[in-house]
Amino acid sequence: MGAGGHDPRTGAQATHEQAMSEVAAVMTNVEHALERAKKARKRLGTSAEEHNVQLALSVAIEDLERVLKSLQKDAFFAGDELRLM
């Protein structure tokens, strides 16, 4: 804000917004990693070595999709519920 401006947010609100900005950055990075993993899997051939990498990427893609879904759910749709694991 400019000189003399007043930020109506409390310190806790501002801190929460900064933390959620970091969460959004994590989600962006996970989305980017997911896109790259899918692209790499498409580019791989069918040799034995590449087949093993294909399998590893498939597992990684599943894991990244699960992580992204969990972050989206807990960051934006959980409300005040406390998840225990």
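Derivation of every value follows stated rules applied to the coordinates shown; laboratory data play no part. All of these numbers come straight from a predicted model, not from anything done at the bench. Note that we place each Cβ from the backbone using ideal geometry, even for glycine, and neighbour counts take in every protein chain shown.
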Next item on the list: Can you tell me how much longer the chain between GLN72 and LYS42 gets when fully stretched, taken as 0.36 nm per residue apart minus their C-alpha distance, in nm with one decimal?
Entry: 8.2 nm
Checklist line | Using a Förster distance of 22 Å, the FRET efficiency for GLU31-ALA56 (Cβ separation, nearest 0.05) | finding: 0.65
Notebook entry, point to check: Using θ = phi - 60° and the Karplus form 6.51 cos²θ - 1.76 cosθ + 1.60, what ³J(HN,Hα) does each residue of the stretch 34-46 get, whole Hz, x for Gly and Pro?
Noted result: 5, 4, 5, 5, 5, 5, 5, 4, 5, 7, 6, x, 10
